[in-house]
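Everything below concerns the one structure shown next.
The values are calculated or read from the model by the stated rules, or taken from the named source; none is laboratory data. Quick caveat: nothing in here was measured; it's all calculated off a predicted structure. Because the Cβ atoms are built from the backbone with ideal geometry, glycine has one as well, and the counts that use them run over all protein chains shown. The area values use the complete protein model at the heavy-atom level, side chains included, leaving out ligands, DNA and RNA. Shrake-Rupley method; radii C 1.70, N 1.55, O 1.52, S 1.80 Å.
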Amino acid sequence: MDEEMKLREAADEKMINDAFQKLLDSYLNSRHRKKTDLITKAFNFAKQAHKGVRRLSGEPYIMHPIAVAQIVCSEIGLGSTSICAALLHDVVEDTEYTVDDIANMFGAKIAQIVDGLTKISGGIFGEQASAQAENFKKLLLTMSEDIRVILIKIADRLHNMRTLESQPANKQYKIAGETQYLYAPLAYRLGLNKIKSELENLSFRFEHPEEYAAIERQLAETEISRHQSFDLFTAPIEEMLKRMGLKYEIRERIKTPYSIWSKMQNKNVAFDEIYDILAVRIIFTPTSRKTESKECFNIYVELTQLYRSHPDRLRDWVSHPKSNGYQALHVTLMSKQGHWIEVQIRSDRMDEIAEQGLAAHWKYKEGKGDDEYTEDENELNEWLHTIKEILDDPQPDAMDFLDAIKLNLFANEIFIFTPKGEIKTMPADCTALDFAFSIHTFLGSHCIGAKVNHKLVPLSHKLQSGDQVEILTSRSQHVSPAWINFVSTAKAKAKIQSILRRDNRDVQKSGEAILEEWLKKNGLEPSLAIISQLITFHDMHNREDFYQALGEKVILLGEKDLEELTGKKSGTSGWRKYVPFVKSKKEEAEKPEIFVVPEKFNRKKPIFITPENIHQYIFPTCCHAIPGDDVLGYIDNKNHIVIHKRACPVANQLKTSYGNRILDAKWEMRKSMFFDATIRLGGIDRRGLVNEVTRVISNQLSVDIRKIMFTTEDGIFDGTIDLRVHDREDLQQIMDSLKEVEGLKETSRIF
């Protein structure tokens with residue numbers, strides 16, 4: 001046995017040393033100053049600190065920090081400060097060492113980054129709120145001091161996602177959901193397109209394994225025909241680039257399974273109806289940095305001589321780079337086989353920035369020291385500044401906070417001109433009021449309207465790319481609660497809410513006093529649980545809104561509130577209970593009780609939804625899950641289990657903010673019950689079409705139709721059919737059969 005232990009230890013030691021040597025080699029091949037002594041010191045310190053600890057996969061824990069450091073070095077392109085921080089990132093969290101110990105040994109800068117990466121306990125969002133939201137907030141606070149914190153955190157998350165198989169299913173859903181909701185958009189916003197795509201793809205693989213496998217299989221089956229299309233399409237382009245005397249590379253870019261699945265969901269189409277799976281990337285070496293933009297357009301002009309271009313799909317990110325630094329010229333061309341193919345034209349510098357993001361900018365700045373970053377990319381600076389403002393004025397609710405951050409992360413961009421001709425980048429769908437707040441809080445809070453292209457418009461006017469905007473103000477103007485409905489940027493929402501909260505503080509204090517007096521009168525002690533119960537009962541979002549409603553006399557506390565708190569009569573649940581299955585009269589009479597999760601409940605094991613226990617779970621109206629759908633369970637504030645589809649937007653928020661309450665859920669229905677489902681149909685109208693549709697469903701498939709609605713306009717019909725089915729498989733069979741009906745062009749599931 002001792003011999004076996006020694007052999008294992010020797011194998012571990014070799015694996016660790018090989019991984020570290022690979023990291024050192026990658027660093028020595030980079031353009032950073034060579035501080036191998038510092039990196040070796042950090043490695044030895046972390047190795048000693050994590051000695052004897054193993055990951056769930058069974059490998060020594062130190063392999064994780066080495067892997068994160070490898071990503072930081074090779075895939076993001078950072079230097080020794082970041083590599084050391086990556087090696088040390090779990091030391092403070094998982095061992096007895098403190099941030100001060102790190103500072104004493106490695107200096108204040110590395111210690112500050114490690115501190116930003118260290119999780120914290122407790123939080124400003126209250127007992128019910130999410131530790132993830134609080135940790136993310138701390139991460140962003142530190143990030144606004146040093147961008148490397150978030151870059152290392154993204155590397156940490158990428159390695160965790162690459163090794164997620166060793167985690168139980170409920171943890172997989174929580175981590176994958178959080179990754180999809182926060183880290184993938186963060187990676188995108190920082191220009192890490194390659195990492196962003198991998199994070200999305202891995203999240204998809206763990207949340208929807210069967211659909212991921214199906215798309216992978218279809219991609220493999222169509223690989224040969226794709227290669228043929230690529231070769232045919234690029235052969236004349238290669239000749240053209242050679243004639244132009246350019247040093248170039250042409251790459252085939254295939255849409256990721258996640259991107260394909262997203263398009264299938266959003267457009268309600270099948271895999272074989274997606275025509276932009278293949279794209280072509282031309283990467284060339286320009287004559288000089290000054291001529292690279294001109295050379296991009298020269299290539300574009302020559303391409304349009306070879307193929308017909310789509311007039312609405314030219315994207316010029318060369319003249320107007322995205323705020324994450326991305327530059328390229330995108331053009332869509334018609335191939336000889338009759339398919340539109342997107343071509344992306346980039347210089348090798350633009351390509352490196354597209355793959356590695358902002359870190360690649362630093363390589364092209366002269367006279368910079370090792371790992372020294374600049375914040376002169378104005379748009380990034382602006383974004384960090386906006387986040388800092390949101391953090392300085394924290395939202396009282398974890399969900400609101402995460403949504404406010406995401407508003408900025410996901411924004412598509414438009415370009416707005418000031419009266420002096422300066423360009424400002426704003427999110428698409430922003431209004432004149434958003435623009436006012438983006439310039440200055442005073443300007444936003446006293447805005448009465450704007451002049452857009454010299455025409456007077458209201459605050460709510462939506463801006464278009466290229467608009468020239470002048471903001472009009474008045475000192476007598478005050479922020480109105482209605483403003484929140486027509487702003488879309490995180491900054492404007494945060495500032496309006498902040499001003500309204502400040503104005504409402506007195507009213508809320510009055511509401512708090514009313515509540516305390518009412519509780520005292522009824523012999524109840526004020527507590528967080530009681531307040532949460534009343535907030536849910538009155539369908540309010542948070543404590544501030546509840547106190548506000550009390551102070552404004554919108555809510556008057558009475559007998560029903562007392563019944564809810566004391567349980568003398570059954571109160572109203574905060575969830576609207578959607579029961580998607582058909583109950584028998586016997587089941588209606590029995591009304592089985594909702595399952596309450598006991599204190600010692602194993603959250604790692606899956607729950608099985610069966611015909612016997614389905615009535616014990618809550619099915620909310622947001623996603624209408626039926627057997628066969630990928631689902632999860634969520635333990636709500638009353639310890640009831642709520643069943644959501646894993647792809648449901650509400651579930652995505654819950655995975656991110658309340659990950660410890662997520663359960664793996666599986667169906668075991670055995671086609672024994674019927675469930676309500678609705679499908680949408682669309683196509684070309686003709687006489688007898690509805691009869692044919694109903695005949696396919698009722699006669700051929702023996703499925704009950706509960707309701708049918710069709711409308712026709714200009715020869716095109718649109719309709720919905722409510723059905724009763726056993727599961728998703730039944731529904732898919734119906735939709736596949738309906739595709740055979742002449743004139744029917746679209747079939748999709750609504751719920």
key: Contacts under 6 angstrom Cβ, first residue in region 93-113 being part of a helix (DSSP H, G or I) and open to solvent by less than 50 Å² (accessible area, probe 1.4 Å), partner of a type in the set (K, R) and at pLDDT below 90, 6 or more apart   = I113/R148
ask   = Any residue at all in region 704-720 that is free of Cβ contacts under 8 Å to residues at least 40 places away in the same chain and of a type in the set (S, T, N, Q)?
value = yes
query = Of the residues E559, E470, E517, E552, which single one is open to solvent by 70 Å² or more (accessible area, probe 1.4 Å) and closer than 30 Å to G421 by Cα?
reply = E470
ask   = Of the numbered conditions (1) open to solvent by 50 Å² or more (accessible area, probe 1.4 Å); (2) at pLDDT below 90; (3) assigned to a strand (DSSP E or B), R670 satisfies every one except a single condition; which is it?
value = (3)
message = I'd like the residue in region 648-692 that is under 17 Å from L731 (Cβ atoms) and aliphatic (A, V, I, L, M) and, out of all such residues, is farthest from the chain's Cα centre (by Cα).
response = M673
ask   = Of all residues in region 470-515, how many are of a type in the set (A, V, I, L, M, F, W, C) and not in a helix (DSSP H, G or I)?
value = 4
task = Considering only region 454-467, state which residues are part of a loop (DSSP other than H, G, I, E, B), open to solvent by 30 Å² or more (accessible area, probe 1.4 Å) and more than 14 Å from G421 (Cα to Cα).
result = P458, S460, H461, Q464
note = All conditions in (1) buried (at least 16 other Cβ atoms within 10 Å of the Cβ); (2) touching a residue at least 40 places away in the same chain (Cβ under 8 Å) are true of M264 except (2)
ask   = Is it the case that region 142-151 has a residue that's buried (at least 16 other Cβ atoms within 10 Å of the Cβ) and at pLDDT 85 or above?
value = yes
message = Checking the condition at pLDDT 85 or above and either among the basic types (K, R) or under 29 Å from H320 (Cβ atoms) (or both), which residue from A482, A436 passes?
response = A436
ask   = Got a sec? Which of D272, D231 is open to solvent by 40 Å² or more (accessible area, probe 1.4 Å) and under 26 Å from C648 (Cα atoms)?
value = D272
key: Search result, residues across region 486-514 that are within 17 Å of A549 (Cα to Cα) and either aliphatic (A, V, I, L, M) or in contact with a Gly (Cβ under 9 Å, 6 or more places away or on another chain) (or both)   = L500, N504, D506, V507, Q508, K509, S510, G511, E512, A513, I514
request  = Would you check which residues across region 722-745 are assigned to a strand (DSSP E or B) and out of contact with any Lys or Arg (no Cβ under 7 Å at 6 or more places or on another chain) and list them?
outcome  = V725, L744, K745
